[in-house]
Amino acid sequence: MHGLVRRPLVIWLLAALAVPVLLTAVLIPARAGTTEDDLRDRTVEALKARGIETASVDFDGRDAKIVVPDSVDPAAVQEIATGVEGVRSVRIEGGSTPTPTPTATSTEPAEESGVPAFEVGRTDQAIRVQAPVQSQAVKDAISAAVEQLLGPDREYDDRTTIDPANGIADAATLSALLRALAIGTGDASVRYDGDTVTLSGQVPDQATKATIGRAAAKAVPGAVLADQLQLPTPTKSAVSEPCRTFQSRLAEFSRQYKINFLSGTSIVNDASKPSVVRAAAVLKSCTTARVEVAGHTDDLGSPATSLPLSERRAAAVKAELVRLGVNPDRILANGYGQAFPIASNATGAGRIANRRAELRVVQGN
C-alpha cells in the first residue's frame, strides 16, 4: 500500500522538474530567432530602398549571408547591408556560384581585390596610416590627404612603406576611409588583413558608422566586413528635483488653494489673490514645465456668454502670473464655460466654487 502512494508522488516530482527544462529549450531559440528576424527584416528593407528586391537574406546571429542574382552588383549589396545597425559581417554569394568573396573563416587572401593588408586609424592625438604603397608619389598623396584632416590637435603617424611590387597603387583607395574616420573623437580603426576588413572603435552617430562601412566596402571590394564600431550610449538629461516633483506639487497646490472670481467678471476675488502669488512661486520652481490655466463659470449666464467669460478669466490669471515673473510661453489659457462644475449651482457657495481657474500640467513636458 505504501508503494502505491510513493509512485505517483515520484512521477509528479519528475514532471515538475521537467517543465522548466522544456520552457528553457523553447524560449531560448525564440529569442535568438527574434534578433535574426529583426536584422533580416531591416536588411531587406534597406536593400529594397535601393531598388534591390530579389536578394535572399539569411542571418546566423549577427552574420549575414546574402545571395544575389547575376544582374545585381555584389559590392553595392555589401555596402548597403554593412550600413545596417547591428550587422557584424556580410557574406555575398551571386546566384548559384559564389562571388570571389572569402568567408569569415577563410585562410586565403582576397586575391582579386588587389589590395594589400593595411590599417587606418585615429585617436584624439593622431591619424595613423600603416600600409605598403607602390611609390613615393602615392605616399606623398596620402600624406597630403591626412594633413587636410588633422586639425590643430592631431598629428600624422606615418607608417607607410614603399613596395613597388605589392603596394597600394592609388592614394584614393584610402582617401575616403581617412575622411570618414576623421569624424569624431576617441579611438577607431579600419584594418584589412588580406581576408576581412574589421571596423572597430567609437563613432559619434549612425551616419558616420554607415559612411565608414561604405568607404571600407569601396576600398576593398568583395571582402568580408566585420563591423565592430560602437555608438555612444544615450544619456538621459538630468532632471532637477523641483522639476521631477513639479506635477505632484502643482496638484497639491490645487487641492489646498483656490482661485475664484467675482460674479460676472474676470476679477480674482480678494480671498484668492494670495493663491495666484503662490501659483507663480510653484511655476518658477521648475522653469521648463508648461501648464494650462483653465477658466470656468457658474450657470447664471447662458452658455453663449459663459464661454467668453471663462476665457477672459483664464487670460487674467495668465497675465498676473506673467507679471509675477513666469515666462508667458509656458502658459496656455483656455476657457470651458459652465461645462465642468465642481459644486452645485443651486447654492451661493457652490456658484463661488464654480467661478474658478485651475492650473494643470500640459502633457508632453
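The values are calculated or read from the model by the stated rules, or taken from the named source; none is laboratory data. For clarity, every value in this text was computed on a predicted model and none was experimentally measured. Because the Cβ atoms are built from the backbone with ideal geometry, glycine has one as well, and the counts that use them run over all protein chains shown. SASA here: full protein model, heavy atoms, side chains in, ligands and nucleic acids out. Shrake-Rupley method; radii C 1.70, N 1.55, O 1.52, S 1.80 Å.
Values as computed for the structure displayed
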item	result
Residue match in the range 322-343 (condition: within 21 Å of residue 257 (Cα to Cα), of a type in the set (A, V, I, L, M, F, W, C) and touching a His at 6+ places or on another chain (Cβ under 7 Å))	yes
When residues of the range 58-74 are limited to those that are hydrophobic (A, V, I, L, M, F, W, C) and over 25 Å from the mean Cα position of the chain (by Cα), the one surrounded by the most Cβ atoms within 10 Å (Cβ to Cβ)	66
Some residue of the range 179-199 being in contact with a Phe, Trp or Tyr (Cβ under 9 Å, 6 or more places away or on another chain), within 21 Å of residue 132 (Cα to Cα) and among the hydrophobic types (A, V, I, L, M, F, W, C)	yes
Qualifying residue in the range 106-119 (condition: under 22 Å from residue 46 (Cβ atoms), at pLDDT 50 or above and surrounded by fewer than 21 Cβ atoms within 10 Å (Cβ to Cβ))	no
In the range 204-226, residue surrounded by the most Cβ atoms within 10 Å (Cβ to Cβ) [restricted to those that are without any contact (Cβ under 8 Å) to a residue 40 or more places away in the chain and assigned to a helix (DSSP H, G or I)]	212
Test for residue 194: is it modelled with pLDDT of 85 or more, farther than 22 Å from residue 145 by Cα and not in a helix (DSSP H, G or I)	yes
Candidates 345, 334, filtered to the one that is touching a residue at least 12 places away in the same chain (Cβ under 8 Å), within 44 Å of the chain's Cα centre (by Cα) and outside any helix (DSSP H, G or I)	334
Single match in 264, 201 (criterion: on the phi > 0 side of the Ramachandran plot and part of a loop (DSSP other than H, G, I, E, B))	264
Residue check, residue 99 out of contact with any Ser or Thr (no Cβ under 9 Å at 6 or more places or on another chain), among the polar types (S, T, N, Q) and either modelled with pLDDT of 50 or more or surrounded by 16 or more Cβ atoms within 10 Å (Cβ to Cβ) (or both)	yes
The range 231-277, residues that are among the hydroxyl-bearing types (Ser, Thr, Tyr) and open to solvent by 60 Å² or more (accessible area, probe 1.4 Å)	233, 235, 237, 248, 257, 263
Filtered residue count, the range 182-235, keeping only those that are in contact with a Gly (Cβ under 7 Å, 6 or more places away or on another chain) and aliphatic (A, V, I, L, M)	6
Tally of residues being more than 19 Å from residue 248 (Cβ to Cβ), modelled with pLDDT of 95 or more and open to solvent by 80 Å² or more (accessible area, probe 1.4 Å) across the range 278-304	0
Candidates 185, 173, 161, filtered to the one that is of a type in the set (S, T, N, Q), open to solvent by 20 Å² or more (accessible area, probe 1.4 Å) and under 18 Å from residue 209 (Cβ atoms)	185
Flag if residue 200 is without any contact (Cβ under 8 Å) to a residue 60 or more places away in the chain, over 19 Å from residue 82 (Cα atoms) and either touching a His at 6+ places or on another chain (Cβ under 9 Å) or surrounded by fewer than 17 Cβ atoms within 10 Å (Cβ to Cβ) (or both)	no
Test: residue in the range 155-172 that is of a type in the set (D, E, K, R) and part of a helix (DSSP H, G or I)	no
Test result for residue 229, within 20 Å of the chain's Cα centre (by Cα), at pLDDT below 90 and in a strand (DSSP E or B)	yes
Checking residue 173 against (1) in contact (Cβ under 8 Å) with a residue 12 or more places away in the chain; (2) β-branched (Val, Ile, Thr); (3) more than 30 Å from residue 118 (Cβ to Cβ), the condition it does not meet	(3)
Residues being over 32 Å from the mean Cα position of the chain (by Cα), surrounded by 14 or more Cβ atoms within 10 Å (Cβ to Cβ) and of a type outside the set (Lys, Arg) - total across the range 130-154	11
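Residue-wise test of (1) of a type in the set (Ser, Thr, Tyr); (2) in contact with a helix residue (DSSP H, G or I) (Cβ under 8 Å, 6 or more places away or on another chain).
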residue	(1), (2)
168	no, yes
191	no, no
194	no, no
201	no, no
208	yes, yes
215	no, yes
229	no, yes
